Amino acid sequence: MKIAIMGAMPEEIAPILEKLGSYKTTKYADNEYYEATYNGVEVVVAYSKIGKVFSTLTASTMIQHFNCDKLLFSGVAGAINSALKIGDLIVASKLSQHDLDITAFGHPMGFVPGGCVFVEADRGLLELSKEVASELGKTVKEGVIATGDQFVHDSVVKDNIVKHFNADALEMEGASVAVVCDALNVPFFILRAISDTADTDASFSFDEFMESSAIISAEFIMKMVDKLVD
């Protein structure tokens, strides 16, 4: 087994690299990949850079070049479900691309011919996350995550995404990673810690809470790796 661990930003993988201790850095396809052995299993860690294109490239590389057979994503997101507060954890049951729009041709938002509106996460990894949450004494919401190439801080945009996808949280990489993993038959798990509430104050909240939220998410991801190794 070889596990890929992804984030979008350096801050999202820094706590993971700290837990690994020593690792080998490999440069490939204009990015850096950190290879290590953790509790006897091989792991490859990388941050993709922000957005769907970069995350697609990184996920594809981890699977096809580094031969990873499971992918775990650790990062932060904005909440659009009012029940989610800053620092809360959400795992994606399914993901959609909220900015994929060919409704002019009679299709629903998020759909392209040959594709689907939602990509479902691996059920086994979701069940494993429940065990991890229990052991860490954390409450984790399972819900819908919507992905798009924009940092949402507008209530009209947010309400439109809720209308079409009934999403709980917003971010910029998860659904594209999900599409890659689904196409290549690699089980995946997307975990997000809430860093803002996707409103007019989102930029302020994000700057203040991103680092602490990323640490929370990373701790959970590494406990998932522990479970996979056992």
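The values are calculated or read from the model by the stated rules, or taken from the named source; none is laboratory data. Remember, it's a predicted structure, so these values are computed and weren't measured experimentally. Because the Cβ atoms are built from the backbone with ideal geometry, glycine has one as well, and the counts that use them run over all protein chains shown. Ligands, DNA and RNA are stripped out before the accessible areas are found, and what is left, the full protein with its side chains, is counted by its heavy atoms. Shrake-Rupley method; radii C 1.70, N 1.55, O 1.52, S 1.80 Å.
At a 1.4 Å probe, what is the % contribution of carbon and sulfur to the accessible area of the chain?
In the chain, the share of accessible area belonging to carbon and sulfur is 50 percent.
Work from the charge dipole of the chain (Cβ charges, +1 for Lys and Arg, -1 for Asp and Glu, about the Cα centre) and give the residue of 96, 9, 83 farthest towards its positive end.
It is 96, whose Cα lies furthest towards the positive end.
Kindly flag which residue pairs out of 19/130; 141/223; 19/227 have an alpha-carbon separation exceeding 19 Å in this structure.
From 19/130; 141/223; 19/227, over 19 Å: 19/130.
Which of these, 174, 106, 51, has the largest mean-square fluctuation under a Gaussian network model of the chain (Cα springs below 10 Å)?
The residue that fluctuates most here is 106.
Enter the accessible area per residue of the chain (Å², integer; probe 1.4 Å; all protein chains in place).
44
What residue among 86, 102, 63 shows peak mean-square fluctuation when the chain is described by a Gaussian network model with Cα springs under 10 Å?
So, out of 86, 102, 63, the one fluctuating most is 102.
For the chain, max minus min Cα coordinate along each principal axis, in Å, sorted largest first?
Extents along the principal axes: 49, 37, 32 Å.
Just tell me, in residue order, which DSSP H segments of the chain are both 30 angstrom or longer along the helix axis (alpha-carbon based) and at least -0.5 in mean Kyte-Doolittle hydropathy.
202-229
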